[in-house]
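Just below is one structure, and these are the notes that go with it.
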Amino acid sequence: GELEPFSNFPPSDFTEKEQRDAFPVAMSNIRKEFGKQYPLYINGQDVVTGDTLDSYNPADPSEIIGTVCQAGVAEVDKAVGVAKEAYIDWRNVEPRVRAQYLLKAAAYCKENINDLCAMQVLEVGKQWEQAQADVGEAIDFMEYYARETIRLGEPRRMGNSPGEYSQYFYQGKGVAAVIAPWNFPLAISVGMVSAAIVCGCPVVYKPAGIASAVGHGLVDMFKAAGLPDGVFNYIPGRGSVMGDHLVDHPDIAVIAFTGSMEVGLRIQERAAKVHPGQEHCKKVIAEMGGKNAIIIDDDADLDEAVLGVLYASFGFQGQKCSACSRVIVLDSIYDRFVHRLKEAAESVKLGPAEDPSNYMGPVVDKAAQKNVLNYGKIAEEEGKVLVKLEAPAEYTSKGGCYTPLLIVEGITKNHRIAQEEVFGPVLVVMRAADFSEAVDIANSTRFALTGAVYSRSPKNLEYASKEFRVGNLYLNKPSVGALVERHAFGGFKMSGVGSKSGGPDYLLQFMDPRLVCENT
Ligand code: NAD
């Protein structure tokens, strides 16, 4: 039958007791499995390796989520080899049939949503509703791309010359390497993987090391969907050991990457080089970092603006590519806004994400903690501290990866802290004489991912639409929380190359357009 039109998966309603109670149960179920070994998955088989990496709970590093087998170059070669084999049949499977596998995997996620969320709370420190949003987005990607494949799957007749039948259609490019970040550990992984698969490109998937247990969820969902062997392969591994090898492999046709600018640029450079035996130019889709700003106009609704800035800056500890890290405030409203922001920020509760009364939790691991603390020092040197809120000693004493909620003012566009992505709970406040200066400041970084404006002036909102040049601009709402389709997502400049995920052009990147013309 025909599919219903796409709509976003509705978030859980935690005011309902049943939904509230499901989470702690799921959490204790996951805890019962702690310490489990996660093998690789290649050609429909579990593969155990000698090299392993432990994944831990950032709120309490003594809690080991699981022991994850690590792929080396031999396992990469094996996975790419079976994916190359699988490509020959998979590319000719009807788009409608391929779409069914995504819908089945989405159904699996809906049935297991609490377990999938609980794993994120424990492995990367997401708050409940943030974990829900991530799993909801994963479901959305599969529901949306399934429909997009069907839309694009019908060959189009070109022209109507008598004596000629000319057809335009798409075919998957070949084996796709999917290299994912840890911050939206299910959604972004599923988005890139499902897009490739549904387009006819078998996948070799490398999750981020610190989110590999969440990443293993893809094995479970595609097994449940009955996907043919070799079409999806899971090869967690250290970027430093097998990352370059995967990118350089001559049989990789597409690389879908989401992560930092540094790694994204390295991948683009390496992918441009042709290796012996390579028969195609590699296509790289790279979604990279941001240094996102929110502008507060002099007539902004401060109730909304303060909450919006707080949520965009400190939700999931500021570890979103879309997070706000600069708030640019017009001079005439500066004192009032900053006073309100300080008050609101000082009321934030810090502690483990699994306790829903905590607004902000630990950053994702010890390395992130060190990096964020270092940027905190730079921020304090360059500006003046407005708020520095530490986690209570009962949590830090366990070695939890906490960093303070930090807000500094007195920052101008040439400061390092106004230019470099921190990826943590550090917000700088900047002052602008007027609206056009505010937009200039907003545009003064290499990045162009998200931004937001709080204003009641139609003229200024229209000006921002044109001149505040970012991939996703939000007017009178926070810069975070993009939904599939409604807020198709992605940036430009140093924030990435490729068209928007969850948008109408995304799938085209994984396919070659072909034309067959028959003389009739
Ligand atoms: P990262 O760049 O450190 O790692 C991303 C992935 O690349 C990981 O799987 C990592 O193991 C792998 N990798 C590392 N070295 C590699 C190499 N030499 N070759 C191949 N792969 C290699 O990023 P992260 O810390 O996981 O994620 C945070 C970053 O991601 C931030 O910069 C954030 O802004 C960005 N991000 C962007 C978007 C977006 O849509 N634009 C979304 C989420 C996150």
Qualifying residues in the stretch 349-408 (those that are under 11 Å from residue 425 (Cα atoms) and among the polar types (S, T, N, Q)) - the one nearest to the chain's Cα centre (by Cα): 369
Residue 278: surrounded by fewer than 24 Cβ atoms within 10 Å (Cβ to Cβ) and either within 16 Å of the ligand (Cβ to nearest atom) or not small (Gly, Ala, Ser) (or both), yes or no? yes
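Buried (at least 24 other Cβ atoms within 10 Å of the Cβ) and touching a residue at least 24 places away in the same chain (Cβ under 8 Å): which single residue out of 332, 325 fits that description?
Exactly one residue qualifies, and that residue is 325.
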Test residue 77 against the criterion of being modelled with pLDDT of 95 or more, over 16 Å from residue 197 (Cα atoms) and exposed (fewer than 14 other Cβ atoms within 10 Å of the Cβ), and give yes or no. no
Say we look at the stretch 384-426 and pick out the residues that are in contact with a Ser or Thr (Cβ under 9 Å, 6 or more places away or on another chain) and surrounded by fewer than 17 Cβ atoms within 10 Å (Cβ to Cβ); which of these is modelled with the lowest pLDDT? 398
With the checklist (1) of a type outside the set (A, V, I, L, M); (2) exposed (fewer than 14 other Cβ atoms within 10 Å of the Cβ); (3) on the phi < 0 side of the Ramachandran plot in hand, flag the one item residue 14 doesn't pass. (2)
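Regarding residue 155, is this residue surrounded by fewer than 20 Cβ atoms within 10 Å (Cβ to Cβ), more than 16 Å from the ligand (Cβ to nearest atom) and farther than 28 Å from residue 4 by Cα?
Working: surrounded by fewer than 20 Cβ atoms within 10 Å (Cβ to Cβ): yes; more than 16 Å from the ligand (Cβ to nearest atom): yes; farther than 28 Å from residue 4 by Cα: no.
The answer is no for residue 155.
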Condition broken by residue 98, with the remaining ones in (1) touching a helix residue (DSSP H, G or I) at 6+ places or on another chain (Cβ under 6 Å); (2) within 29 Å of residue 322 (Cβ to Cβ); (3) in a helix (DSSP H, G or I) satisfied: (2)
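Which of the following residues is surrounded by 24 or more Cβ atoms within 10 Å (Cβ to Cβ) and hydroxyl-bearing (Ser, Thr, Tyr): 145, 165? Give the derivation first.
Details: 165 fails: surrounded by 24 or more Cβ atoms within 10 Å (Cβ to Cβ).
Exactly one of 145, 165 is surrounded by 24 or more Cβ atoms within 10 Å (Cβ to Cβ) and hydroxyl-bearing (Ser, Thr, Tyr), namely 145.
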Going through (1) more than 19 Å from residue 509 (Cα to Cα); (2) in contact with an Asp or Glu (Cβ under 7 Å, 6 or more places away or on another chain) one by one, residue 262 fails only at (2)
Given (1) more than 9 Å from the ligand (Cβ to nearest atom); (2) more than 25 Å from residue 420 (Cα to Cα); (3) in contact with an Asp or Glu (Cβ under 9 Å, 6 or more places away or on another chain), number of the condition residue 252 does not satisfy: (3)
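Quick check: is even one residue across the stretch 130-141 touching a helix residue (DSSP H, G or I) at 6+ places or on another chain (Cβ under 6 Å), over 23 Å from residue 503 (Cβ atoms), within 16 Å of the ligand (Cβ to nearest atom) and in a helix (DSSP H, G or I)?
yes
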Can you tell me which residue among 403, 396 is within 24 Å of residue 211 (Cα to Cα), of a type in the set (S, T, N, Q) and free of Cβ contacts under 8 Å to residues at least 12 places away in the same chain? 396
Please enumerate the residues belonging to the stretch 264-289 that are in contact with a helix residue (DSSP H, G or I) (Cβ under 9 Å, 6 or more places away or on another chain), touching a residue at least 60 places away in the same chain (Cβ under 8 Å) and not basic (Lys, Arg). 267, 284, 285, 286, 287, 288, 289
Mind listing whichever residues of the stretch 474-520 are of a type in the set (A, V, I, L, M, F, W, C), within 15 Å of the ligand (Cβ to nearest atom) and not in a loop (DSSP other than H, G, I, E, B)? 489, 492, 497
Note on the stretch 199-213: residues within 12 Å of the ligand (Cβ to nearest atom) and either assigned to a helix (DSSP H, G or I) or surrounded by fewer than 24 Cβ atoms within 10 Å (Cβ to Cβ) (or both) are 208, 209, 210, 211, 212
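When the residues of the stretch 282-337 are filtered to those that are aliphatic (A, V, I, L, M) and out of contact with any strand residue (DSSP E or B) (no Cβ under 6 Å at 6 or more places or on another chain), which remaining residue is farthest from residue 134 (Cα to Cα)? If you could, list the steps in order and put the result at the bottom.
Our first condition is that a residue be aliphatic (A, V, I, L, M); within the stretch 282-337, this holds for 284-286, 288, 293-296, 300, 302, 305-307, 309-310, 312, 323, 327-330, 333.
Those still in the list that are out of contact with any strand residue (DSSP E or B) (no Cβ under 6 Å at 6 or more places or on another chain) too: 302, 306-307, 310, 323, 333.
Details: 302: 28, 306: 24, 307: 21, 310: 19, 323: 15, 333: 35 Å.
In this case the residue turns out to be 333.
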Filtered residues of the stretch 441-484 (kept if over 20 Å from residue 341 (Cβ atoms) and without any contact (Cβ under 8 Å) to a residue 24 or more places away in the chain): 458, 459, 461, 462, 465, 466, 473
With the checklist (1) within 16 Å of the ligand (Cβ to nearest atom); (2) surrounded by 24 or more Cβ atoms within 10 Å (Cβ to Cβ) in hand, flag the one item residue 296 doesn't pass. (1)
So how many residues does the stretch 222-245 have that are of a type in the set (A, V, I, L, M) and under 16 Å from residue 180 (Cβ atoms)? 2
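Within the stretch 45-71, track down each residue that is more than 30 Å from residue 394 (Cβ to Cβ) and surrounded by 15 or more Cβ atoms within 10 Å (Cβ to Cβ). Steps first, please.
Looking only at the stretch 45-71, we keep the residues that are more than 30 Å from residue 394 (Cβ to Cβ), and these are 45-52, 69-71.
Answer for the stretch 45-71, where residues must be more than 30 Å from residue 394 (Cβ to Cβ) and surrounded by 15 or more Cβ atoms within 10 Å (Cβ to Cβ): 47, 49, 52, 69, 70, 71.
The values are calculated or read from the model by the stated rules, or taken from the named source; none is laboratory data. A quick note: this is a predicted structure, and the numbers were derived from the prediction, not measured. Don't worry about glycine lacking a Cβ; one is built from the backbone with ideal geometry, like all the others, and counts go over all protein chains shown.
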